[in-house]
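Each reported figure results from applying straightforward, stated rules to the coordinates on display, with no laboratory input. Quick caveat, the model's predicted, so the values are computed rather than measured. Using ideal geometry, Cβ is built from the backbone for each residue, glycine included, and neighbour counts are taken over all protein chains shown.
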Amino acid sequence: MATTCETFTVDSNDGVKLQTRVFKPREGEMENLVIVLVHPYSVLGGCQGLLRGIAIGLAERAYRAVTFDMRGAGRSTGRPSLTGFSEIQDVIAVCKWVSQNLSADRILLVGSSAGAPISGSAVDQIEQVVGYVSLGYPFGLTASILFGRHHKAILKSPKPKLFVMGTKDGFTSVKQLENKLKSATGRAETHLIEGAGHFQMEGPSYDANMVGLITGFISSL
């Protein structure tokens, strides 16, 4: 299916300007649900371009998908934060913009790598969010020095959650993931990708796999 992509600028609540892209199917889009994708760690070069393949794949499945550069990444203004707490406001601003400008009363939040704790902290602050997908949530001990304060928000959220992770993820072991999810509220599912490493799973060769998992999760909501 042919897709289109348009670029917009979204203002965060503290004046930061976020470059945002909307990927749409040319015809017959699915319902009033929009998927908002949150990219990996800006400090290490994360940007919305890393999620382009997944966004196109979702649009080819007739879903509208939105990517954006968080503060200090790509062409967005501002400076990235080390712990990702300022970036929560960016996620909220983009979701608010999506609900107002794309007539979406249902949003699925998808976070990749460091984008997973950041978007996880935003889930319960956005009424329109109906579910959450994490691609490689960094739950491990070292990563928790930076992102540990985000964990509680998503684990305590009653909204449906899917955690996708490679079994060879260098930041989080399968056991660490399982232990964390024991305290999760509501529906929390896991999908393990055998033999995949953290950065490997972010690569384009896994995009189609991620699209299938995300759309499967949507159909279960």
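Over the C-alpha trace of the range 70-139, radius of gyration and Dmax come out as 11.9, 34 angstrom. Ranked by the mean number of other Cβ atoms within 10 Å per residue, highest first, peptides 91-99, 109-117, 131-139 order as 109-117, 131-139, 91-99. Could you tell me whether the range 43-168 comes out rounded, prolate or oblate from its Cα gyration tensor? Rule is a ≥ b ≥ c as square roots of the eigenvalues, rounded for a/c under 1.5, then prolate if a/b exceeds b/c, otherwise oblate. Rounded shape, in that the Cα axes give a/c under 1.5.
Divide by every residue of the chain the summed helix terms, -39500 (n - 2.57) for each DSSP H run of at least 4, and state the resulting mean residue ellipticity at 222 nm, rounded to the nearest 500 deg cm²/dmol.
Numbers: 8 runs with 72 residues, N = 221.
Value at 222 nm, helices only: -9000 deg cm²/dmol.
Can you pull out the trypsin sites (Lys or Arg not before Pro) in the range 1-81 that DSSP calls coil and that have at most 11 other Cβ atoms within 10 Å? When the trypsin sites (Lys or Arg not before Pro) of the range 1-81 are filtered for loop state and at most 11 Cβ neighbours within 10 Å, ARG26 remain.
P(r) tail for the range 119-195, what percent of Cα pairs lie past 16 Å?
It works out to 46 percent of all Cα pairs.
When all alpha-carbon pairs of the range 54-110 are counted, what percent fall beyond 17 Å?
Working: 739 of 1596 pairs.
Considering the range 54-110, 46 percent of its Cα-Cα pairs are separated by more than 17 Å.
Most tightly packed first, judged by the mean number of other beta-carbon atoms within 10 Å of their residues, the peptides 161-172, 200-211 read 161-172, 200-211. If you take the square roots of the eigenvalues of the alpha-carbon gyration tensor of the range 178-221 and sort them as a ≥ b ≥ c, do you get rounded (a/c under 1.5), prolate (a/b over b/c) or oblate? Oblate shape, in that a/c is at least 1.5 and b/c is the bigger or equal ratio. In the frame of its principal axes, the range 1-96 has Cα extents of 39, 24, 18 Å, reported largest first.
Working note: Cα atoms of the chain, range along each principal axis, descending, whole Å: 43, 35, 31. Taking the empirical scaling 2.2 N^0.38 Å for compact globular proteins as reference, the range 90-221 has a Cα radius of gyration ratio of 1.00.
Measure up LYS96/LYS180; LYS24/LYS182; LYS96/LYS168; LYS96/LYS175; LYS17/LYS168 against 32 Å on the Cα-Cα distance and list the ones that go over.
Details: LYS96/LYS180 30 Å; LYS24/LYS182 37 Å; LYS96/LYS168 36 Å; LYS96/LYS175 36 Å; LYS17/LYS168 36 Å.
Exceeds cut-off: LYS24/LYS182; LYS96/LYS168; LYS96/LYS175; LYS17/LYS168.
The label point for LYS175 and the one for ASN101, both projected 7 Å from the Cα toward the Cβ, are 4.7 nm apart.
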